[in-house]
Amino acid sequence: MFKAITSFELKYHLKAPLFYILFIVYFLLTFGAVTSDGVQIGGAVGAVNRNAPFVIMQFMLVMSVFGVLTTTAFVANSVHRDFELGTDSLFFSSPIKKSQYLFGRFTGSFVVASLVYSGVALAIVIGSLMPWIEKERLGPFALWPYLFSLVMLVLPNLLLFGAIFFSVAALTRSLMATYASVVAFFVAFGISGSLLEDIENETLSALLDPFGFNAFGIATRYWTVFEKNTKLLPIGGVFLWNRLLWIAIALAILAFAYFKFEFTTGTRKAKKQSKRARAAEALALATQERVSLILPKVEQTFGAGASWRQFFAATKRECVAVFKSIPFLIMLFLGIANVWGGAVTINTIFGTNFYPVTTKMVEVIDSTFRIFALLIAAFYAGDIVWRERSLKMHEVHDAMPTPTWVIWASKISALIVVIFTSLAAATLTAIIIQAAKGYYNFELALYAKAIFLDAGLWLVLMAAFAFVMQVFFNQKFVGFLGVMVWFILARILPAIDLEHRLYRFASTPPSQYSDMNGFGHFVAPLLWFNTYWMLFVGVLLVLGHLLWVRGTEGGFRERMRIARQRFAKPVAATLILFATAFVATGCFIYYNTNVLNDYRTTKDGEKQQADFEKKYKRYENLPQPRITDVQA
């Protein structure tokens, strides 16, 4: 039975979209780090080869940190699913041993969680074949570094995470408790990390690090570039003891869960529910006195006022559903923790202390929190669109006398509220850190401009794009893939000399803030490009309105037929307005960038720099005039 349960668990997870979503996310993150210096995993690659054994080990080790969340999603679901679907009584009454049930579930989900990391290895292999990477930055392909990294770095970490959170899910039979233990794990790891830094004995510090970062750092601290390009981590010393220690702890946790797990359906929660059921049954059987009620008179109104009241009520309902969801709280907590860690460590420039000024806090939020806000936007774009269908309530919900625009507009409005609430939480975290360090010039106007306008508008664009991808494709997994395609194109297009921001979605010119003149001349380009992309999103939303699914109208032909019915004069006028304004704004931007000014690509700039050097190199050693006195 162990083999049968393990096989079933493997097939179940491999059929679900979560595995493929995580595989693609891991692939894209690693692919970006291999092919571009703009994406970093564990620091810049530097002069080391892009596919060097050291780079492979570093990428695998750093990406294993995300295994805390991904492994939990698999192992916790494997044991909690039976209690949620009510199939636990079938398993527990069957001739199955407790060991077969528990370890079969764990083994199948653990194998799937490990297979996700093949996306990291595949990204390094494919990324190193990209034509824009210099051949001098590539070494020969070798399979052993990938296998070594997976076995010695990734699997011990995943085993530890899986053992902890599988045990919590099995013993508590509560998904809420499992997610809470994930948060507790990150908090404990953050506290222990700061304590380990103060330990003078670096061997002890390396042994107590569950991820193995300190042991890896000690073993590779003095490696040269040549060693990083050719050498694997030696199996021995503090690194080997670290791996053995945490593998033993993981196995001990699994053994504890095995002995404490009750192979019965009776739980405290079930007893409460049965007691409530008996009380409800007794109440139903009791003799009831007939009470006469006067029903209130209700007038049905379907005007614009009623539609707007429906819109605000639906927006509030969607917001509450997101704010109460555990995944949102976890991602928000991780993002805030990341902001906190980045903000408290920023206090010196070249050894000189400085105050935690708002400019630096803005940089910290932008660099540490934006990715979490993007994940929240992308994840909940799919969750909000599919909420009623996931709960099997869409036929009832969509049959209500609610205008179509109210349904989708309330959902995307709630998504925007969630994004700005997340940014507000990150901003409040930065302000608290400023106050804790004795700095009280918070510059709220700068926070509003840099975080809520600049970063916030970009996140709104991305959220709207993820939203319409779900609507257009009408498949949650394919909708996520649409966002992934943008992620890839955003990095590939500049690499193949297609750099113009007019066709790179959500791309805006770089801006820089200075204490002397604020954002200065960067404001106008930012304003025009943000307006340009907002108008484009407006066009997409109108098209999404035409294709919005209500009820069971899932087929393409049926959706197109209904879209033609919805294409009334107000919709057509709105679409023409947005499209005309979008094209006009694009023409204005093109006229300013390519006609009035000299537009140069990155290669044009490099060529100009090379020509300048050729032209003036011969004057390098000539005596040059020097300023000796200044009168002001």
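The values are calculated or read from the model by the stated rules, or taken from the named source; none is laboratory data. These numbers come from a predicted model, not from an experiment. Here Cβ is always computed from backbone atoms with ideal geometry, including for glycine, and neighbour counts include all displayed protein chains. Side chains are part of the model used for accessible areas, which takes the heavy atoms of the whole protein and leaves out ligands, DNA and RNA. Shrake-Rupley method; radii C 1.70, N 1.55, O 1.52, S 1.80 Å.
Quick notes on this structure:
- Within-10-Å neighbourhood charge of A52 [Cβ basis; K, R +1; D, E -1]: +3
- Ranking I21, P525, L374 by how far each Cα lies toward the positive end of the dipole of the chain (charges on Cβ) leaves I21 at the top.
- Placing unit charges on each Cβ (+1 for Lys and Arg, -1 for Asp and Glu) gives the chain a dipole about its Cα centre, and among F54, T552, I433 the Cα reaching farthest toward its positive end belongs to T552.
- Residue-count net charge about K360 - beta-carbon cut-off 12 Å; Lys, Arg +1, Asp, Glu -1: -3
- The string of couplings for the range 502-515 from the Karplus curve (6.51, -1.76, 1.60, θ = phi - 60°) is 6, 10, 10, 3, 6, 7, 10, x, x, 10, 9, 9, 10, 5 Hz, one whole number per residue in order, with x for Gly and Pro.
- Value of [θ]222 nm, deg cm²/dmol, for the chain, DSSP H segments ≥ 4, -39500 (n - 2.57) each, nearest 500: -22000 deg cm²/dmol
- Simple Cβ-charge dipole of the chain, Lys/Arg +1 and Asp/Glu -1, about Cα centre, in debye nearest 20: 2020
- Between the residues F263, F31, A581, the greatest Cα displacement towards the positive end of the dipole of the chain, with unit charges on the Cβ of Lys, Arg, Asp and Glu, is found for F263.
- Exceeding the 25 Å Cα-Cα cut-off - candidates K15/K392; K316/K476; K135/K603; K135/K617: K135/K617
- What the pair-distance distribution of the chain shows, using all Cα-Cα distances binned every 20 Å from zero, is 14, 44, 33, 8, 1, 0 percent.
- List T585, T230, ordered by accessible area with a 1.4 Å probe, largest first: T230, T585
- Each other residue within a Cβ distance under 13 Å of L254 adds +1 if Lys or Arg and -1 if Asp or Glu, for a net charge of +3.
- What the Cβ-Cβ distance of V65 and T421 gives, at R0 = 25 Å and to the nearest 0.05, is a FRET efficiency of 0.45.
- For the range 208-246 and the range 117-178, distance of Cα centres in Å: 16
- Gap separating the Cα centres of the range 548-605 and the range 370-438, nearest whole Å: 24
- Put a plus charge on the Cβ of each Lys and Arg, a minus charge on the Cβ of each Asp and Glu, and nothing anywhere else: the dipole of the range 491-632 about its Cα centre is then about 760 debye.
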